[in-house]
Amino acid sequence: MTQTTANKAAGWLGEVSGAVADFGTFLPLVIGVLAVRGFDGTGVLTGFGLFALAVALVYRRPIPIQPMKAVAALIIVGAVTPAQAMASGLIIGGVLAALAVTGIITRIARLVPNSVIMGVQLGVGAQLALLGFQHMAGEPLFGGAALALLLLLFLTPYRHLGSLVVVVTAAAAFLMTGGAGLAVTGPGLHFPLPSFPALADFQAALTTTALPQLALTLSNAVLATSAIAAEYFPDDAKERTSPRRLALSTGVLNIVLAPLGALPMCHGSGGLIAQYRFGARTWAAPALFGLFCLTLGIGFGPQARDVLMLVPVGAVGAILAVAGTEMALNRRILGVKPSCRVVILLTGIVCVGVNMAVGLAVGLAAEALRGAYLRRRGETPGT
């Protein structure tokens, strides 16, 4: 095998590893949603598949696709019906598309200073790590073994393949220890049937899910994802993963896919961190993820939940714990002014303790106070 061929093979393995690295957020939420009456794996997973393939084509980078967490959580506890979830996707999609087309999202992004963005990144990394440790605590055997395997691989040249090795090994171990009892009878052909919510569903969705989710989506899925993409891919044109473009793709694709039974979906800074950490660099990672979801949705439909449950969540939690910890311990924080570190830490703490939207607001207020204080002392407020 020539060196060029070996490099290409390693690159593709990295893309596969990156594609599965974001399962820690995806699996628990989607499995939970599909356990609720009325939500079908055909529409939900076909939606994820088509969204991911569109993202691969548009961005040519590992921009992730995730369920909107506030909406998914309310579905799991039984507070949102399938029709209301569909209405949520249409409302949020319409607002995001409007913000992008009018250019308002670009003006919002310009108001957010670097210190606040770094604070949001700190919060995202910490949240990702905490979520990972929670998953590990639920399945300590798989979680502990997966973490040990990741740390072992960390000492080798194959560290970026950790998520792929962990997921494959954990799924095989799960099958050998009784997981084969899941009722998966075999593939078939299942296609989503379009429908449309009633006016009452829009009214219920507006206050129950759409407004709370919109603030989270703007802060995490648009602003933070754009900032982290710019850090990871500094040679790309700024417009490639700009807030305007991310808001537009999220908005348009939710409007198109919601009537097919897709969950409200968005990009996610945490997913980008995990995918990049484990080797994803190009369009291949979202394309592979999209093909996986499309195959599950069309091929297995109502049985898709059982297929997803073959991957132990505790093992995927270890992947999130490693990626999140590395992101939270960003060395860039050590290179800023001491006063700036206060803003970064405060923003990160509130992001973890409350949510991203409140963390963003608190960070902006803290940065405004810091700037005013430094100007009174005749100093420049920069980072």
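Quick notes
- Only one of I298, I349, I333 that is assigned to a helix (DSSP H, G or I), of a type in the set (A, V, I, L, M, F, W, C) and surrounded by 19 or more Cβ atoms within 10 Å (Cβ to Cβ): I298
- For the range 259-295, a tally of residues being assigned to a helix (DSSP H, G or I), under 12 Å from the mean Cα position of the chain (by Cα), more than 29 Å from L175 (Cβ to Cβ) and not hydroxyl-bearing (S, T, Y) returns 2.
To keep it simple, each residue is scored yes or no on (1) touching a Pro at 6+ places or on another chain (Cβ under 8 Å); (2) of a type outside the set (F, W, Y); (3) more than 30 Å from L288 (Cβ to Cβ).
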residue	(1), (2), (3)
T81	no, yes, yes
Q84	yes, yes, yes
A87	yes, yes, yes
I92	yes, yes, no
I104	no, yes, yes
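- Among the residues making up the range 76-86, those that are buried (at least 23 other Cβ atoms within 10 Å of the Cβ) and in contact with a Leu (Cβ under 8 Å, 6 or more places away or on another chain) are V80, A85.
- For the range 194-215, residues that are touching a helix residue (DSSP H, G or I) at 6+ places or on another chain (Cβ under 8 Å) and closer than 16 Å to A97 by Cα total 4.
For every residue, the table says whether it meets (1) assigned to a helix (DSSP H, G or I); (2) in contact (Cβ under 8 Å) with a residue 60 or more places away in the chain; (3) more than 17 Å from F133 (Cβ to Cβ); (4) out of contact with any helix residue (DSSP H, G or I) (no Cβ under 8 Å at 6 or more places or on another chain).
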residue	(1), (2), (3), (4)
I319	yes, yes, no, no
V322	yes, yes, no, no
R341	yes, no, yes, no
L345	yes, yes, yes, no
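- Selection status of S219, polar (S, T, N, Q), closer than 20 Å to M356 by Cβ and at pLDDT 90 or above: no
- Unique residue being among the β-branched types (V, I, T), within 20 Å of V311 (Cα to Cα), in a helix (DSSP H, G or I) and in contact (Cβ under 8 Å) with a residue 40 or more places away in the chain when the list is V55, V20: V20
The values are calculated or read from the model by the stated rules, or taken from the named source; none is laboratory data. Since this is a predicted model, take the numbers as computed values, not measurements. Every residue, glycine as well, gets a Cβ built from its backbone with ideal geometry; the counts of neighbours run over all protein chains shown.
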